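J.: Can you read through this structure? Questions will come right after.
The values are calculated or read from the model by the stated rules, or taken from the named source; none is laboratory data. Because the structure is a prediction, the values reported are computed rather than measured. All Cβ positions, even for glycine, are placed from backbone atoms using ideal geometry, and neighbour counts span all protein chains on display.
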Amino acid sequence: MQQFASRFQDRIQGVVSGFDRLPLRGSLRKLNHAQGTEVCLYMNDILFKDYESRVKRVSQRVKELSTAPAREQNLPAE
């Protein structure tokens with residue numbers, strides 16, 4: 001970037017820096033197998049029959065909170 005900026009210095013009016021996109025990836029290792037998931041559900045008093053709705057609700061909440069700053073500034077967010 002420095003080489004580019006010094007080469008075209010007379011044509012550059014300003015520089016904007018920051019994250020354009022920030023991909024997040026990861027996994028919860030304890031939930032990668034059935035026994036770990038069962039332990040997690042037991043420790044949080046979640047019944048097996050309620051698991052699906054719980055996961056959907058938590059996922060929706062994470063999505064809302066992670067995209068809120070972009071929406072507040074009228075920026076696109078996927």
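J.: Among the numbered criteria (1) surrounded by 10 or more Cβ atoms within 10 Å (Cβ to Cβ); (2) farther than 30 Å from Leu75 by Cβ, which one does Met43 miss?
T.: (1)
J.: What are the pairs, 6+ residues apart or on separate chains, where a residue within the range 25-49 that is under 18 Å from Ser59 (Cα atoms) has its Cβ under 6 Å from a residue that is of a type in the set (Val, Ile, Thr)?
T.: Sorted first by the residue in the range 25-49, then by its partner, the pairs are Leu31/Thr37.
J.: In this structure, is Arg61 surrounded by fewer than 11 Cβ atoms within 10 Å (Cβ to Cβ), of a type outside the set (Phe, Trp, Tyr) and at pLDDT 85 or above?
T.: Yes.
J.: Here's another thing I want to ask about it. Look through Gln35, Gln9, Gln13 and report the one residue that is surrounded by fewer than 10 Cβ atoms within 10 Å (Cβ to Cβ) and either closer than 30 Å to Ala77 by Cα or small (Gly, Ala, Ser) (or both).
T.: Gln13
J.: Hey, Ser27 hits all of (1) exposed (fewer than 10 other Cβ atoms within 10 Å of the Cβ); (2) assigned to a helix (DSSP H, G or I); (3) polar (S, T, N, Q) but one; which does it fall short on?
T.: (2)
J.: Exactly one of (1) assigned to a helix (DSSP H, G or I); (2) loosely packed, with under 10 Cβ neighbours inside 10 Å; (3) charged (D, E, K, R) is unmet by Lys56. Its number?
T.: The failed condition is (2).
J.: Got a number for residues in the range 48-78 being among the aliphatic types (A, V, I, L, M) and over 15 Å from the mean Cα position of the chain (by Cα)?
T.: Summing the residues that are among the aliphatic types (A, V, I, L, M) and over 15 Å from the mean Cα position of the chain (by Cα) in the range 48-78 gives 2.
J.: Here are Leu41, Leu65: which of them is assigned to a helix (DSSP H, G or I) and in contact with an Asp or Glu (Cβ under 9 Å, 6 or more places away or on another chain)?
T.: Leu41
J.: When the residues of the range 2-50 are narrowed to those that are small (Gly, Ala, Ser) and farther than 27 Å from Thr67 by Cα, which ends up modelled with the lowest pLDDT?
T.: Only one residue fits best here, namely Gly14.
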